[in-house]
Amino acid sequence: MNTEPKNVPTAVEDFLPIQGTDYIEIYVGNATQAAHYYQTAFGFQPIARRGLETGSKESVSYVLQQDKIRLVLSSPLKGGTEIGKHIDQHGDGVKVVALWVDDARKSWEETTKRGAKSYMEPVVEQDDHGRVVRSGIHTYGETVHIFVERKDYKGIFLPGFEAWNPHYQPTDIGLKYVDHMVGNVGWNQMNTWVDFYAEVMGFSQLVSFDDKDISTDYTALMSKVMSNGNGRIKFPINEPAEGKKKSQIEEYLDFYGGSGVQHIAVATDNIIETVTALRDRGVEFLRVPTTYYEDLLQRVGKIEEDLEPLKELGILVDRDEEGYLLQIFTKPIEPRPTLFFEIIQRKGAKSFGKGNFKALFEAIEREQASRGTL
């Protein structure tokens, strides 16, 4: 495993400076109910909406936010729409990973001239609160990146949206920001998309795992993590590897109907409190056997947290040269076994939990077996 960044761009070399994740748009069958779920279960706050009341005849969208994490949930308002076709093929899933940039036009020009397929030419959107510039490119599957330039905008979200301030506003649960987002791609496609992020977007390979790192007795996968110049955006890319049975990546590809976003990792400053709140609000998590905790401290060394609540909640721990991390994964949050969330708290660690891979994937295999898809 290579843990050292390769050719990390300097500020001068970084032709695509990205300030962070602007929003994640998920196409869903029922945005009204999905918005209620993300408020109730995950503690997201209602921010803005767009629909028939705002003049949108094709689709409805609800914008939810928790600290620096912003979700947009969109559904079609009639048959035969692009959103509807996407849902029919993929089920509920991530369509847009929007990136906050200082210059959306330059971002589009720099990436398209390096080979990106344009999804959305630069467009200026305006209302009484100012102007936003957006542009976009295609990535793996039907996933797209939209570049958002909002330095001249003071509105609630984007032009075309109105403030949404319902009476029902559950408290948040301490989620802070998007730590990383993982994409699943097809057989032998990982390096193609690694090269895309390196050559088209100027990302660097942060770390790689092969089937010796990520395997059990039955299944395996390979993964490489790509990061932008300032490290605010990290995209692990997974592909299947040969195994005795069907891997979680193959299961995802079958049910999603191709490549797409597998999971969204969101950070917290207190994973015990956050996961307790999520569990109490009905979110279900993958569980590892209690034997995982028998030699945990021997494996990872001294940690600040008490072991008992970690064991009770099923939180995993791993350590690298920089420190340690705590992480846990929800079960899929859609009817299909596709999209899920990771909750992560970093105590200095820069890695992604390599030491937990075997226990985690065995837990996933138990879920696959219960679904009859292993």
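The values are calculated or read from the model by the stated rules, or taken from the named source; none is laboratory data. Keep in mind that what you see is a predicted model, and the values were worked out from it rather than measured. With ideal geometry, Cβ positions are generated from the backbone for all residues, glycine too; neighbour counts draw on all protein chains shown.
As a summary of the residue check, Thr290 satisfies the conditions (1) among the β-branched types (Val, Ile, Thr); (2) under 20 Å from the mean Cα position of the chain (by Cα); (3) surrounded by fewer than 20 Cβ atoms within 10 Å (Cβ to Cβ) except for the one numbered (2). Among residues of the stretch 102-136 being closer than 16 Å to Tyr197 by Cα and of a type in the set (Val, Ile, Thr), the one that is nearest to the chain's Cα centre (by Cα) is Thr111. Return a yes/no flag: does the stretch 58-65 have any residue that is of a type outside the set (Gly, Ala, Ser), part of a strand (DSSP E or B) and surrounded by fewer than 21 Cβ atoms within 10 Å (Cβ to Cβ). Yes: one or more hits.
Here is a yes/no grid of residues against (1) on the phi > 0 side of the Ramachandran plot; (2) in contact with a Lys or Arg (Cβ under 7 Å, 6 or more places away or on another chain); (3) surrounded by fewer than 18 Cβ atoms within 10 Å (Cβ to Cβ); (4) outside the structural domain of Asp67 (by TED's automatic domain parsing):
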residue: Ile271; (1), (2), (3), (4): no, no, no, yes
residue: Arg279; (1), (2), (3), (4): no, no, yes, yes
residue: Phe285; (1), (2), (3), (4): no, yes, no, yes
residue: Glu294; (1), (2), (3), (4): no, no, yes, yes
residue: Gln298; (1), (2), (3), (4): no, no, yes, yes
residue: Ile303; (1), (2), (3), (4): no, no, yes, yes
residue: Asp306; (1), (2), (3), (4): no, no, yes, yes
residue: Tyr324; (1), (2), (3), (4): no, yes, no, yes
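Here's the yes/no breakdown for (1) of a type in the set (Gly, Ala, Ser); (2) modelled with pLDDT under 95; (3) in a strand (DSSP E or B):
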{"position": "Pro5", "(1), (2), (3)": "no, yes, no"}
{"position": "Asp14", "(1), (2), (3)": "no, yes, no"}
{"position": "Glu25", "(1), (2), (3)": "no, no, yes"}
{"position": "Tyr37", "(1), (2), (3)": "no, no, no"}
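Considering only residues of the stretch 137-157 that are over 18 Å from the mean Cα position of the chain (by Cα) and without any contact (Cβ under 8 Å) to a residue 60 or more places away in the chain, which is surrounded by the fewest Cβ atoms within 10 Å (Cβ to Cβ)? Out of the qualifying residues, it is Lys154. Among residues of the stretch 19-43 that are among the aliphatic types (A, V, I, L, M), none has a beta-carbon under 8 Å from a residue that is modelled with pLDDT under 95 at least six positions away or on a different chain.
What do you reckon, is Glu284 more than 23 Å from the chain's Cα centre (by Cα) and within 30 Å of His36 (Cα to Cα)? In short, no.
Considering the stretch 247-304, the qualifying helices (runs of 4 or more DSSP H), each wholly inside and each with 2 or more residues that are modelled with pLDDT under 95, closer than 18 Å to Pro335 by Cβ and in contact with a helix residue (DSSP H, G or I) (Cβ under 9 Å, 6 or more places away or on another chain), run over 248-256.
What are the residues in the stretch 322-347 that are touching a residue at least 40 places away in the same chain (Cβ under 8 Å) and either over 20 Å from Asn184 (Cβ atoms) or charged (D, E, K, R) (or both), if any? Across the stretch 322-347, the qualifying residues are Leu326, Lys331, Glu334, Arg336, Glu342, Gln345, Arg346, Lys347.
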